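Structure, as structure tokens:
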Amino acid sequence: MTQNTSLRSLEHHDAFIERHIGPNDAEIAQMLRVVGHDSLESFTDAIVPGSIRSAEALALPEAISEVEALAKIRGIAKRNQVFRSFIGQGYAGTHTPNVILRNILENPAWYTAYTPYQAEISQGRMEALINFQTMCADLTGMEIANASLLDEGTAAAEAMTLAKRSARSKSNVFFVSNAVHPQTVEVLRTRAEPIGIELVFGDESEAATTESFGVLLQYPDTYGRFGADYQAISDAVHARQGLVCVAVDLLALTLIAAPGEWGADIVVGNTQRFGVPYGFGGPHAAFMACRDAYKRSMPGRLIGVSVDVEGNNAYRLTLQTREQHIRREKATSNICTAQVLLAVMASMYAVYHGPEGLVRIARRTHRLAAILAGVLRKAGVTVGDQFFDTLHVTGIDAGALHHRAQQAHINLRVIDNGSLGIALDETTTREDIAALAGLFGAEITDIDALDTATADALPQGLLRTSRFLTHPVFNTHHSEHELLRYMRSLADKDLAMDRTMIPLGSCTMKLNATAEMLPITWPEFANIHPLAPAAQTQGYKELIDGLEAMLVEVTGYDNVSLQPNSGAQGEYAGLLAIRAYHRARGEAQRDICLIPESAHGTNPASAQLCGMKVVVTKCDKDGNVDVEDIRAQAEKYSDRLAAIMMTYPSTHGVFEEDVVEICEIVHKHGGQVYTDGANMNALVGLAKPGKWGSDVSHLNLHKTFCIPHGGGGPGVGPCAVKSHLAPYLPRALGGDGVRTQGVGEGAAVSAATFGSASILPISWMYITLMGREGLRKASQVAMLNANYVARRLAPHYPTLYTGRNNLVAHECILDLRPLEKATGVSAEDVAKRLIDFGFHAPTLSFPVAGTLMVEPTESESMHELDRFCDAMIQIREEIRAIEDGKLDRGDNPLKHAPHTAAQVSATEWTHAYPRELAAFPLPVLRQQKYWPPVARVDNVYGDKNVFCSCVPINEFAGEIEAFSEPMVS
Ligand SMILES: *Cc1c(COP(=O)(O)O)cnc(C)c1O
């Protein structure tokens, strides 16, 4: 450092930009030379077509430091007020066990992992998810459960469509109880109409008498009651060939009969109260459990037990090569990103407390509710007589009580002028009960005496007698040390970004900086009920308004809704807006959606869910969308054209030149342009879809804007639109959870107004920290890193598609097909061999079968890129050895990868290549080695023998008889 270095330049080196972006300026210069450019600007000019380039810099503030940004968001957080909340309505207060808070939610080993498509490096999180599935199936009394859905509202909608597919009844009616949570009803309304399902509402008892293909009950109901003869309803619905769907509260199910015991076919719910904070609405893990008969048409991901080549038990995503329910034109659901991290938390909560602990929590909550009910009754207040934790208080002046409660910093649920809901939970204290009683003018002197004097208020005919969570995993790790080590042992089995780059094309696995993550667990963000009065959520309002404005600026659109809680939900919201727009203009016949064949599977799936017909358009030999085909299809369907959905830059990793012309063609025929914004990481600061002619996009905040993938969720998929579509964006739900507009306007796509609100600080922090220059540089370096990898690997693996000047955008597709033809080594073999080198594989066989798509992102340093390239080159050498006959075609390290420690250290070694090559193909691996816990997992076995809950320790029954080695967890 020279003596007269300026203050400004000294401070510059403290900038977050330099921490977020992997390569430093010297490395950037070196890499630019490799790709044949002398500046980032000339390099960018050579890639991004001039027709779409932004002339001006982003109108965002300059970068600030971590210290400054944290102080700023601290100020915003302080504007939220944390009241004691007894609102309930599907959300409950909970104590996140601190050991789970720190070692799961705040632990990059868990939150930076990717969806477990690569089974061998995902055994830890899949075990946590199989615990989750077991927990949900056990508590609901169902045979099988999935590994999370987005929220209870969308889970109920998925139950409705699963029932439609599975019921024998030909009715088009779905009956919904009047006592289902209002926000669930809103999502059902949205989802039913476009696919022609008629919703009929009524009292629970009418479920038995209404002709329908399915019914939805809430158990206990939204007012906390147990009103109906559930068994009789089930029998009646079944007699009409319909199915019974039930939305449940898992904690209540520890004390009352499981719906599976009284005839339910599909059970959904939220696991939020198992240790996941309110977060102003999300993220939390919902779930679906159902009868075994429906497992093959169940939405969402399902973890199953298979075997590896050694015959050991091994987990894998079952019944899906990629996502069995997102089968493009045959899709039945568009769920891709779900809520894995939150599902892991909820499952650990059950592991930590065990069945007895959960019963204790449930019983304590119930006792407090019963005592409060008794006191209120004595004070002359009318309270329902059967409940678990929620009191339905009637015949009172709700307005006056609400006012009094607010003065005491207490939130109650105002149902109408004359009734209230009071929901208790694990966090409720004796003082809370006294304060609540006080609101009604009642006084509590001796709560223990009241306890003795007050009977339970559970429905006597519905008490739970069956056991649950009997598996040892739920009965072992109850001390903090045990749980700590269990979680650590699982994390150690997995490869996440805390150990290696994850170069997954289309997934944008960039840095999730610690400073971005810190605010999400602050109580002012975490402990806000989604229906808290607006006066208490001013901080969230500022955060959300601010983030919306930033995203408007970045995308060039006019309005943004943050409600969708995944990319696919954003697609759905955007297409619904297009649909509503056409209808409002009297063009309801517009139902054709053009989608290029290279599109992500969620695109056609979302279009189907909107009732649109998908017409697939071609790509040319260079990987570009075929403009002539688009023109021809647009002309052919001119008066029916609703939209085109295209990803830009394309999933083939190139900036197509014709995007502006395509927008013009589609508009000329009256259609709207949907740009899938999953690839915004190549665009931010350089070009804006809203300015080149696109009408709507979703963004993936869990890709471009740094929300971690969490092993497959959470996510946020904001929907951004031009102003003509703004009236049709998802809108705020009122304080009661009911939408504030009329039907057709602003349909709700998530249960909570702002979806996964509590993780929005992450993206807010990212944009604030990077500022206008940092964001632009990130896009440039993302492209530089991709081109550097493509160039270094070019002599070894050809890049399938390039754009202008022989450059790719922010990702490159390596074509393995010629090598497979010559040597029999497949892209999958290379993906598995990378594990032996300690790397997570790139995206396998998407969007082109037999290829690997590499997206390094800007956060990877040149050192890490070189490490990856060295591994890929070494693998190419192994393939060459097969070509040259030096390695056997069948018995080589690629075909048998990955290699476990047990295999390479076994007494017997029968392979035609040395152990050393198997385990340590590069010398650096001797210093640091990742050992996969299982060998290559058998894909077929797991799908033929579907088994989706914890493996019994001592006994094997039925389908899993084949396993001889017990899996000790
Ligand atoms: C990731 C992705 C999606 C889906 O996003 P989710 O959040 O997983 O629903 C859609 N399109 C493309 C191109 C993607 O890469």
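A short reminder: the numbers here are calculations on the coordinates, not readings from a lab. Here the structure is a predicted model, which is why all the values come from computation and not from measurement. Here Cβ is always computed from backbone atoms with ideal geometry, including for glycine, and neighbour counts include all displayed protein chains.
For the chain, just the Cα set please: Rg and Dmax, both in angstrom.
Cα-based Rg and Dmax for the chain come out at 27.9, 91 Å.
Only Cα pairs under 8 Å and at least 6 apart count here; give the relative contact order of the chain as a rounded whole percent.
19 percent
How many lysine pairs are close in region 771-926, with Cα atoms under 24 Å apart and the two 8 or more places apart or on different chains?
6
Short version: ³J(HN,Hα) in whole Hz for each residue of region 394-405, in order, from phi by Karplus 6.51 cos²θ - 1.76 cosθ + 1.60 (θ = phi - 60°), x for Gly and Pro, what are they?
For region 394-405, the Karplus-derived couplings read 10, x, 10, 8, 4, x, 5, 5, 4, 4, 4, 4 Hz, x marking Gly and Pro.
Which of MET862, MET160 has the fewest other C-beta atoms within 10 Å, and how do the rest follow up to the most? Working shown, then result.
On the way: MET862 19, MET160 27.
Fewest-to-most ranking of MET862, MET160: MET862, MET160.
What list do you get for TRP110, TRP764, TRP692 if you sort them by fewest beta carbons within 10 Å?
Final ranking by Cβ density, sparse to dense: TRP692, TRP764, TRP110.
Set the Förster distance to 51 Å, then compute FRET efficiency between GLN927 and HIS409 from the Cβ-Cβ distance, nearest 0.05.
Working: r = 56 Å, r/R0 = 1.09.
That gives a FRET efficiency of 0.35.
For LYS78, go through the aspartates and glutamates and keep the ones whose alpha-carbon is under 13 Å away, minus same-chain ones fewer than eight residues off.
Qualifying aspartates and glutamates at Cα under 13 Å: GLU524, GLU542.
Can you figure out the FRET efficiency of ALA453 with ARG79, using R₀ = 45 Å and their beta-carbon distance, to the nearest 0.05?
On the way: r = 44 Å, r/R0 = 0.98.
E(calc), rounded to 0.05, equals 0.55.
Taking Cα atoms, how many degrees apart are the long axis of helix 25-34 and the longest axis of the chain, rounded to 10 and kept between 0 and 90?
Computed tilt is about 50 degrees.
Starting from 0.36 nm per residue, how many nanometres of slack lie between HIS238 and ARG585 once their C-alpha separation is accounted for?
120.7 nm
By how many degrees, 0 to 90 and rounded to 10, does the Cα axis of helix 760-793 deviate from the longest principal axis of the chain?
It works out to around 30 degrees.
Check cross-link reach from LYS636 to the lysines: straight Cα distance under 18 Å, and skip same-chain residues fewer than eight apart.
LYS613, LYS618, LYS668
Helix 430-439 versus the longest principal axis of the chain: what angle, 0 to 90°, nearest 10, using Cα atoms?
The helix 430-439 is inclined about 60 degrees to the chain.
Taking 2.2 N^0.38 Å as the expected size of a compact globular protein, what ratio does the Cα radius of gyration of region 353-462 give against it, to two decimals?
1.05
For region 389-432, what relative contact order do you get, as a whole percent, if you take Cα pairs closer than 8 Å and at least 6 residues apart?
Details: 53 pairs, mean separation 20.6, N = 44.
It comes to 47 percent, rounded to a whole number.
Amide H neighbours of GLY677 under 5 Å, at least 5 residues apart or on other chains, H built in the peptide plane: list them.
HIS698
Quick check on the chain: of the DSSP beta bridges with both residues there, what percent are antiparallel, nearest 5%?
Once the DSSP bridges in the chain are tallied, antiparallel ones form about 50 percent.
For region 664-738, what is the per residue volume of the convex hull drawn over the alpha-carbon atoms, in cubic angstrom?
So the per-residue hull volume is 140 Å³.
Using amide H atoms built in the peptide plane, which far-off residues or other-chain residues are under 5 Å from SER54 H to H?
Answer set, sorted by chain and number: ALA687, LYS688.
In whole Å, what three semi-axes, largest first, describe the equivalent ellipsoid of region 48-149 built from its Cα gyration tensor (square root of 5 times each eigenvalue)?
37, 26, 17
Rounded, prolate or oblate for region 771-926? Axes are the square roots of the Cα gyration tensor eigenvalues, ordered a ≥ b ≥ c, and the cut-off for rounded is a/c under 1.5.
Prolate is the answer for region 771-926, as a/c is 1.5 or above and a/b outweighs b/c.
To the nearest whole percent, what portion of all C-alpha pairs in region 550-757 is separated by more than 24 angstrom?
Summing the P(r) tail past 24 Å for region 550-757 gives 36 percent.
Convex hull volume of the Cα atoms in region 439-522, per residue, in Å³?
Numbers: hull volume 28.3 nm³, N = 84.
Spread over its residues, the Cα hull of region 439-522 gives 337 Å³ apiece.
For a footprinting-style exposure proxy, rank TYR766, TYR801 by other Cβ within 10 Å, fewest first.
TYR801, TYR766
Tell me, what is the percent relative contact order of region 550-757, built from C-alpha pairs under 8 Å that lie six or more residues apart? Can you show the working numbers first?
On the way: 444 pairs, mean separation 65.1, N = 208.
With pairs under 8 Å counted, the relative contact order is 31 percent.
Compute the distance in nm between two label points, each set 7 Å from the Cα along the Cα-to-Cβ direction, one at ALA29 and one at ASN805.
2.0 nm
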